Each structure stands twice: as C-alpha cells, then as structure tokens.
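Here's the structure we're looking at; comments come further down.
The values are calculated or read from the model by the stated rules, or taken from the named source; none is laboratory data. Everything numeric in this text was worked out from a predicted model, so none of it was measured. Because the Cβ atoms are built from the backbone with ideal geometry, glycine has one as well, and the counts that use them run over all protein chains shown. With ligands, DNA and RNA removed, areas are computed over all heavy atoms of the protein, side chains included. Shrake-Rupley method; radii C 1.70, N 1.55, O 1.52, S 1.80 Å.
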Amino acid sequence: MIQESEIEKTGSELAHKGPLTPELLAKMDAYWRAANYLSVGQIYLKDNPLLERPLTLEDVKPRLLGHWGTTPGLNFLYMHWNRLIRERDLNMIFVIGPGHGGPGLVANTYLEGSYSEIYPHIEQNKDGIKRLFRQFSWPYGIPSHVAPETPGSIHEGGELGYSLVHAYGAAFDNPNLIVACVVGDGEAETGPLATSWHSNKFLNPATDGAVLPILHLNGYKIANPTILARIPHEELENLMRGYGYEPFTLEGDDPAVMHQQAAAVFDTMLDRIAQIQKAAREEGGPEVVMACCGDVPTLEALAAVCLLRARIPDLRIRVVNVVDLMAWQPVSEHPHGLADEEFDRLFPVGTPIVFAFHGYPWLIHRLTYRHNHDNLHVRGYKEEGTTTTPFDMCVLNNIDRFQLSLDAVRRVPRLGVKPMRPSSGTPRPSSGTSSTWRKTATICQRSAIGAGR
C-alpha cells in the first residue's frame with residue numbers, strides 16, 4: 001500500500017508539472033474522454049447511446065468494424081493539436097494514416113459541431129448521438145475509415161501506406177503550413193510508407209512547410225504484433241535518426257501525466273520548427289537558381305549542385321525541378337501559370353538562373369518572356385552529336401554536370417569570373433578570382449576530358 005500511494009503521489013505531482021494549467025488540463029481531459037466515448041459507441045452500439053439503462057446484447061451491433069486500439073491515440077493527438085492551433089494561430093492540417101481510425105475523426109467533428117452543420121439529421125442531442133452510432137459501418141451508413149464524407153477529409157485511409165507522402169506533398173511550396181501526420185505501426189510496414197520516410201530529403205525549410213510524422217505504436221496491426229512496436233526503443237530511435245529525423249518519445253499510462261508531457265513535447269517541436277525555418281529564411285535569397293526539366297537534365301543538374309557544394313560550400317544554390325512547363329507562363333496566359341509574385345519567389349529578380357532542359361532552349365525563353373527575367377540562361381538541345389553514349393550527348397549539347405556547374409560559377413558576381421568568349425577556349429579568371437574558382441575550373445575540365453571530351 002505504501003508503494004501504491006507513492007506512485008499515485010508521484011503521478012499527481014507530474015500532472016501539475018507542465019505547460020497546462022489545472023483548469024485547462026481538466027477541460028482537455030474531459031474533451032478527450034468524450035471523444036473516446038463517442039468513438040467506442042460508434043464501434044459497438046446501435047441503441048441505448050447514453051447508457052440510460054443496463055446494457056444488453058440487443059444494444060450491440062452484430063458485426064463490429066473500426067479499430068479501438070488506434071482511436072484513443074488519434075483523439076489524444078487531435079485534441080492537443082487543436083490547443084496549439086488556437087494558442088499559436090497555426091495553419092495546420094492533420095493527416096491520419098492508421099486504418100479504420102474513422103470513429104475518432106467522426107467523433108471529433110461531431111463534438112466540434114461541424115458534423116451536424118453538414119448533416120443536420122445528426123443532431124447535437126440524444127437522438128443525434130443514436131443516429132451517429134447506428135450509421136457507423138452500417139448498411140447505407142458511413143465507412144469505418146476517414147472517408148470523403150467526413151468533414152475536412154482530404155486523405156482517405158482505406159488503403160494503407162500513403163499518409164506520409166500526402167503530408168509532404170501538402171507541405172511542398174506551402175511555407176506557412178504545418179502537417180501533423182499520424183503513421184500507424186501496421187501502416188508503417190507497407191512499402192509506400194517505408195519509402196516515404198525519405199521525403200524529408202526534398203523538403204526545404206526556406207520555401208516549404210513542415211511535416212511532423214507521428215509514429216503511433218499501439219502494438220498491433222489487424223492480425224498480429226507490429227515490428228516497430230517490438231524492437232528496442234534505442235533501435236527504433238536510431239532508425240529514425242538514420243532517416244534524418246530528431247525523434248521524441250511519448251509513452252505512459254497516466255492520462256494526466258501524458259497530457260502534460262505531450263503538451264511540453266509538442267511545444268518544443270514547434271519551437272524547433274520555428275527556429276529552423278527562421279534560420280533558413282533569414283540567410284537571404286539564393287545566389288544562383290539551378291532549374292531543370294526532364295529526367296537526364298535533372299540528374300545532371302543535381303550532380304552539378306553536388307560538385308558546387310563540394311568545392312564552394314558557401315555558395316547559396318536553389319534547385320527547382322520543373323514538372324509542368326505551363327507553370328512558367330503567367331497565369332493570364334494559362335491556368336497552370338504562376339503569378340509574377342509567385343514566379344519571383346522561386347526565381348528572385350536579378351538572380352542568375354541556369355536551366356537544363358530536355359528540349360530546345362528557345363521554348364523556355366518564349367514561355368517566360370512576360371516575366372521580364374533577363375538573367376535566364378537555358379542549356380538544351382542543339383542538334384549536336386549522333387548515336388553515342390547518353391553522357392556524351394549531354395556533353396555535346398552542353399547540359400552535362402560540368403558545363404552546368406561552370407555556367408553557375410561564371411554568373412555569380414562575387415566569384416568574379418568573366419563569361420567565356422567563344423574563341424577563347426578555357427575562360428580566363430579575372431584578377432579578383434579566388435583559388436576556389438581555379439580549382440573548380442580545373443576539376444571540371446579534367447572530369448570532362450575523362451568523360452570523353
């Protein structure tokens with residue numbers, strides 16, 4: 001008995017240590033418990049929604065769908081992120097990956113009132129709760145996952161594995177957005193999700209939003225235990241670090257303590273995101289933009305960037321992979337086009353742009369002439385060469401990695417390199433050229449010679 005009282009005392013003390021006031025903690029816990037009740041009622045009950053009489057088998061659905069194991073965690077996270085959205089005025093979306101987690105999201109949208117606004121027959125009273133419960137996984141009702149009928153749904157969770165790639169897709173080129181993405185530990189064993197962890201390699205904190213993957217380890221998938229819930233914590237954290245993440249762990253069985261720990265961890269994570277984004281966005285604009293379109297030009301442009309970062313590490317480079325050429329036109333000319341301010345955000349006025357293109361260079365100049373960027377330099381097809389190696393074709397048409405890196409160096413003013421004259425052969429550096437440029441030029445020339453030039 002002494003040990004139990006000490007544990008209870010410790011838990012009570014921990015519950016009061018954290019960013020949540022006792023009043024706010026009580027309200028959040030009550031909301032969470034209400035969401036849990038509405039969730040479990042959807043899974044199990046067809047009648048007696050408020051348990052006003054003893055429960056009987058007649059009140060229970062004959063066929064049960066929806067995974068209770070994942071639902072309390074989803075409700076917990078939904079409620080905590082709502083606190084942060086309100087307190088910090090965040091632009092945030094919540095992507096739910098675990099399969100059959102639908103009852104939790106339906107419960108929360110019902111508690112908020114938005115469900116009844118869209119579906120007035122699901123009233124905010126006892127009869128409405130009964131209809132809410134009966135319709136779940138019921139003929140002519142609603143599915144057990146976060147279907148399109150769920151208010152606010154943009155990701156349907158019926159097929160597992162795509163939550164994280166959807167989250168990153170939402171954050172790209174959306175610098176003010178934060179995406180909290182819950183990954184189920186069963187979903188984490190699918191091929192698409194296992195690959196999606198690497199999407200952080202393509203996220204730029206200067207121009208993109210932030211993604212917060214939350215691995216929800218409830219221990220089981222549909223038929224048996226999950227791998228990531230069974231390996232040691234240290235191994236799992238090292239796996240996440242290997243993917244490029246900074247892992248935080250939340251674990252416990254005392255709701256009051258867990259609320260405080262979660263609030264502290266989420267506050268820390270958001271502060272870290274703000275610091276990273278601020279540092280990235282205060283460094284100033286890029287000194288050169290390396291743009292690319294097409295498979296081979298993209299590979300060569302990325303290889304050129306690797307060369308430049310290895311030899312001139314302080315050179316600020318932005319890479320823009322163009323997948324829709326119509327976006328280069330003004331919005332007045334094509335529905336996919338970018339407004340001038342959006343175009344200037346990606347390609348700042350006055351910043352040199354080196355574009356590796358898999359077609360004729362004049363096409364890019366025609367598409368962009370209305371944007372008034374006179375520092376655009378396109379490398380593309382010149383009708384040079386014959387049947388030879390793919391890389392030799394790149395060299396002959398001046399879209400190889402060495403030519404692209406030299407193009408970038410020549411056009412950054414602080415490097416002090418004069419443009420090459422057609423008859424002069426290797427460019428001569430100006431008197432102010434650093435040894436870094438001389439090394440870069442020499443290495444690129446030797447590499448080109450080694451590749452067949």
Quiz item: Counting Lys and Arg as +1 and Asp and Glu as -1, what is the net charge of the other residues whose Cβ lies under 14 Å from the Cβ of residue 53?
Solution: -2
Practice problem: Mind pulling the angle between the C-alpha long axis of helix 255-282 and the longest principal axis of the chain? Nearest 10 degrees, somewhere in 0 to 90. | Solution: 20
Practice problem: Relative to the longest principal axis of the C-alpha atoms of the chain, give the angle of the C-alpha long axis of helix 401-411, reported between 0 and 90° and rounded to the nearest 10°. | Solution: 80
Quiz item: What order do 239, 325 take when sorted by accessible area (1.4 Å probe), most exposed first?
Solution: 239, 325
Quiz prompt | In nm, spacing of pseudo-spin labels at residue 147 and residue 231 (7 Å Cα→C-beta vector) | solution = 3.6
Exercise. Please work out how much accessible surface residue 241 shows to a 1.4 Å probe, ignoring ligands, DNA and RNA, in Å² rounded to 10.
Key: 130
Quiz prompt | Cα gyration tensor, the chain - rounded (a/c under 1.5), prolate or oblate | solution = prolate
Self-check item: Rg/Rg_globular for region 195-241, with Rg_globular taken as 2.2 N^0.38 Å and Rg from C-alpha atoms
Solution: 1.46
Quiz prompt | In region 31-116, the trypsin sites (Lys or Arg not before Pro) that fall in loop regions by DSSP, at most 12 other Cβ within 10 Å | solution = 63
Practice problem: Please label the shape of region 68-122 as rounded, prolate or oblate, based on the square roots a ≥ b ≥ c of the eigenvalues of the alpha-carbon gyration tensor (a/c under 1.5 means rounded; beyond that, a/b larger than b/c means prolate, else oblate). | Solution: oblate
Quiz item: How much length is gained if the chain between residue 190 and residue 370 is pulled fully straight, taking 0.36 nm per residue apart and subtracting their Cα-Cα distance, in nm to one decimal?
Solution: 60.2 nm
Exercise. From the P(r) of region 255-392, can you give the percent of Cα pairs sitting at distances over 17 Å?
Key: 69
Practice problem: Whenever you get a sec, compute what percent of the accessible area on the chain sits on carbon and sulfur atoms (1.4 Å probe). | Solution: 55
Quiz item: What list of ³J(HN,Hα) values in whole Hz, one per residue of region 31-39 in order, does the Karplus curve 6.51 cos²θ - 1.76 cosθ + 1.60 (θ = phi - 60°) give from phi, with Gly and Pro shown as x?
Solution: 4, 4, 5, 5, 5, 5, 5, 4, 6
Self-check item: Surface accessible to a 1.4 Å probe, per residue, for the residues of the chain, Å²
Solution: 53
Quiz item: So how do 187, 149, 341, 246 rank on accessible area, 1.4 Å probe, biggest first, that is with the largest at the start?
Solution: 341, 246, 149, 187
Quiz item: Between residue 89 and residue 271, what length comes free when the chain is fully extended (0.36 nm per residue of separation minus the Cα-Cα distance, one decimal in nm)?
Solution: 64.1 nm
Quiz item: How many nm is it between the label spots at residue 30 and residue 309, if each spot is 7 Å from the Cα in line with the beta carbon?
Solution: 5.2
Practice problem: Using a 1.4 Å probe and counting only protein heavy atoms, arrange 207, 387 so the residue with the most accessible area comes first. | Solution: 387, 207
Quiz item: By how many nm would the segment from residue 387 to residue 222 lengthen if fully extended, with 0.36 nm per residue of separation less the alpha-carbon distance?
Solution: 53.9 nm
Practice problem: Round to the nearest 10 and report in Å² the accessible area of residue 268, as given by a 1.4 Å probe over the protein chains' heavy atoms. | Solution: 60
Quiz item: Which whole number of Å³ per residue matches the convex hull of the alpha-carbon atoms in region 100-245?
Solution: 130
Quiz item: If Lys and Arg each add +1 and Asp and Glu each add -1, what is the summed charge of the other residues whose beta carbon sits under 11 Å from the beta carbon of residue 370?
Solution: -1
Quiz prompt | Three-way shape call for region 288-358 based on the alpha-carbon gyration tensor, with the a/c threshold at 1.5 | solution = oblate
Quiz item: Can you give the calculated 222 nm mean residue ellipticity of the chain, where each DSSP H run of n ≥ 4 adds -39,500 (n - 2.57) and the sum is split over every residue, rounded to the nearest 500 deg cm²/dmol?
Solution: -14000 deg cm²/dmol
Quiz item: Tell me, what is the 1.4 Å probe accessible area of residue 118, in Å² to the nearest 10?
Solution: 100
Quiz item: Taking amide H positions as placed 1.01 Å from N in the peptide plane, with prolines and chain starts having none, which residues 5 or more places from residue 100, or on another chain, fall under 5 Å of its amide H?
Solution: 146
Exercise. Count charges around residue 361 for me, please; just the other residues with Cβ under 14 Å from its Cβ, Lys/Arg as +1, Asp/Glu as -1.
Key: 0
